[in-house]
Amino acid sequence: MEEVDRLIDGLRKASHTEREPLKQQLIALASGPKGATVRDHIDTVRRGELLEVQWELEEVLDATAPKKPEEPKKVVEAPPEAPPDANRPLTAKDLVLVYDDPRGLMLHKAKVGERWFATQMDQRSGQPQTFELHAAEITQLKTQLAGSPYWVIGAAGAPVTAGAGAGPAKAAGPGPMMKGMPPKPGGR
């Protein structure tokens, strides 16, 4: 360590231009067979030195620092997709149309879970109202509407009926005029 102390003493007394060869000699010693011991001694001495000498010794320590092995790159896996919560608020894209009666009743089934919704026109406001159906109501509606041609074929949950045909047909009856509405002026 005498050689290291002599070089550090030379750094204290040397001008800026004379320091570089002394640092190179310290780097050679710190990189040699006793490098770890030399580095520890330099680090200990560095703490009590003047600021300019500390900087020079830090450069020696940085230049001789053991290389850190490269960490293997971690592959970030996407977290497994959680199944959607069957009770979360639903949007229109979460529903499948299963029954579409042009007279004003539509039934939708949730894509996930067993939730059913009915949409009907409110007679007072003329606006559609959607509400969730209970299990007993679903069973009752399926029974009541079993022979109806308005079930959407291929929709999940739609009952299979013998006379359902190729798809929902137009309703026979008054056409666009609903029951209970006054006729248009002029008789048409």
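Annotations for the structure displayed:
- Residue check: residue 98 meets all listed conditions (1) touching a residue at least 40 places away in the same chain (Cβ under 8 Å); (2) exposed (fewer than 10 other Cβ atoms within 10 Å of the Cβ); (3) of a type in the set (Val, Ile, Thr) but one, namely (2).
- Screening residue 100 on (1) acidic (Asp, Glu); (2) more than 50 Å from the chain's Cα centre (by Cα); (3) within 30 Å of residue 151 (Cα to Cα) shows it passes everything except condition (2).
- Some residue of region 44-64 being in contact (Cβ under 8 Å) with a residue 24 or more places away in the chain, more than 50 Å from the chain's Cα centre (by Cα) and not in a helix (DSSP H, G or I): yes
- When residues of region 81-95 are limited to those that are outside any loop (DSSP other than H, G, I, E, B) and surrounded by fewer than 15 Cβ atoms within 10 Å (Cβ to Cβ), the one modelled with the lowest pLDDT: 92
- Candidates 146, 118, 136, filtered to the one that is small (Gly, Ala, Ser) and part of a helix (DSSP H, G or I): 136
- In the set 12, 6, 39, only one residue is farther than 14 Å from residue 61 by Cβ, touching a residue at least 24 places away in the same chain (Cβ under 8 Å) and part of a helix (DSSP H, G or I); that residue is 12.
- Residue within region 65-77 that is in a helix (DSSP H, G or I) and either in contact (Cβ under 8 Å) with a residue 40 or more places away in the chain or not charged (D, E, K, R) (or both) present: no
The values are calculated or read from the model by the stated rules, or taken from the named source; none is laboratory data. All figures in this text were calculated on a predicted structure; none of them were measured in a lab. Using ideal geometry, Cβ is built from the backbone for each residue, glycine included, and neighbour counts are taken over all protein chains shown.
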